[in-house]
Structure formats: C-alpha cells, structure tokens
Amino acid sequence: MTDISLQKTAKTARRGRGRPFAKGQSGNPGGRPRGSTNRATRAAELLLDGEAAALTRKAVELALAGDPAALRLCLDRTVAPRRERSVELALPPIRSAADILGAIKVVSGAVGRGAITPGEGVATSQMIESFLRAIDASDFENRLRQLEEAQVAGRQDPYGPAVRYGRAGV
C-alpha cells in the first residue's frame, strides 16, 4: 500500500509551493470590502449612539473618585503617548569625513550626560553615518571624473604615476 501523504495530488501539483495566490492578489479577492465594519461594532455603535457625553462624564467622575482603571482610561485619552521627540544637539559642521569624529563625540557625550536617550543617540549616529556615506560617494564621483578628464586629455594620472607590483614605473 502506498503512502498517500507523499504522493502529489492534482491540487498540490497545480499550486506553487509558498505561493498560493496569483501575483498582485492576496487573500480572498471576493472578501469583505475595505472600510466595512464588523456586526458587533455596528451593534455597539447603535447602543452607544447619543450616550458618549454621559459615558465620558461618568468615566471622569470615577477617575476623580479614585478608580485606577477609569483614571488610566482618562489619562490615556487626554495625553497621547510620546513616540518621538526632537533632539537639539550642537553638532559641528560636517564638510568632510574628518569632521565625523567630532560629531560622534558630541552625540556620545549627550548620551553620557543623559541629555538624549541611547535610542536617540543611535538614530543620530546613523544619520551621521549616512552623511559620511554621502560624502564618500561624492568624493568617489569627483575623483572618477578627474581621472576620466585626465584620460580624455591624454595626460598622466593626476594622482601620480601608476604603481604596479609594489614598484614605481614598471
């Protein structure tokens, strides 16, 4: 008797492994339309319609009376959680790769003093690193352009004679 679990069936042979849906189409294309609400949500909205002010007033009264759950509910709604904040650091101007060290020192000093969080320090350092990559790309482009212009003009390498195998002029 053969093991049916190891045999390919017509259904599994048609479908590519890991790709059950056609490209550009995911899930059930005839499913629930975007923006439609659940039946339970609609029922709750109908029951609470017109009662929002009274319920809010009751929650505030419970919070003022010392109910911790009502207090947390009221505070969560009045004060949004802080996701990010602006960070003010006096970074030195960065004109070349040599200026990066001073900027990183300012960031690490601010983290050490507690002026910014370690996460904010990492984000700022990554931004400085991106700036360094941009400087490197710009320098590479300038050097390549100079080499190409020198080659077109028939001049020698503007950076000096070619060095091959460790000896000059060979």
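General observations
- Restricting region 90-107 to residues that are surrounded by 11 or more Cβ atoms within 10 Å (Cβ to Cβ) and of a type in the set (D, E, K, R), the residue that is modelled with the lowest pLDDT is 99.
- You will find that of 122, 152, the residue that is at pLDDT below 90 and of a type in the set (A, V, I, L, M) is 152 and no other.
- The residue list 45, 88 contains one member that is out of contact with any Phe, Trp or Tyr (no Cβ under 7 Å at 6 or more places or on another chain), in a helix (DSSP H, G or I) and either aromatic (Phe, Trp, Tyr) or not assigned by TED's automatic domain parsing to the domain that holds residue 123 (or both), which is 45.
- In region 63-82, the condition of being among the small types (Gly, Ala, Ser), surrounded by 14 or more Cβ atoms within 10 Å (Cβ to Cβ) and under 29 Å from residue 134 (Cα atoms) is met by no residue.
- Close Cβ contacts (under 7 Å, 6 or more residues apart or on different chains) running from residues in region 120-133 that are in a helix (DSSP H, G or I) to residues that are modelled with pLDDT under 90 and of a type in the set (A, V, I, L, M) comprise 120/87; 124/87; 124/89; 131/94; 132/97.
- Here 60, 111, 87 are screened, and the one residue that is touching a Ser or Thr at 6+ places or on another chain (Cβ under 7 Å) and surrounded by 10 or more Cβ atoms within 10 Å (Cβ to Cβ) is 87.
- Sole exception among (1) in the same structural domain as residue 56 (by TED's automatic domain parsing); (2) within 25 Å of the chain's Cα centre (by Cα); (3) not aliphatic (A, V, I, L, M) for residue 105, by number: (1)
The values are calculated or read from the model by the stated rules, or taken from the named source; none is laboratory data. For clarity, every value in this text was computed on a predicted model and none was experimentally measured. Note that each Cβ is placed from the backbone with ideal geometry, even for glycine, and that neighbours are counted across all protein chains shown.
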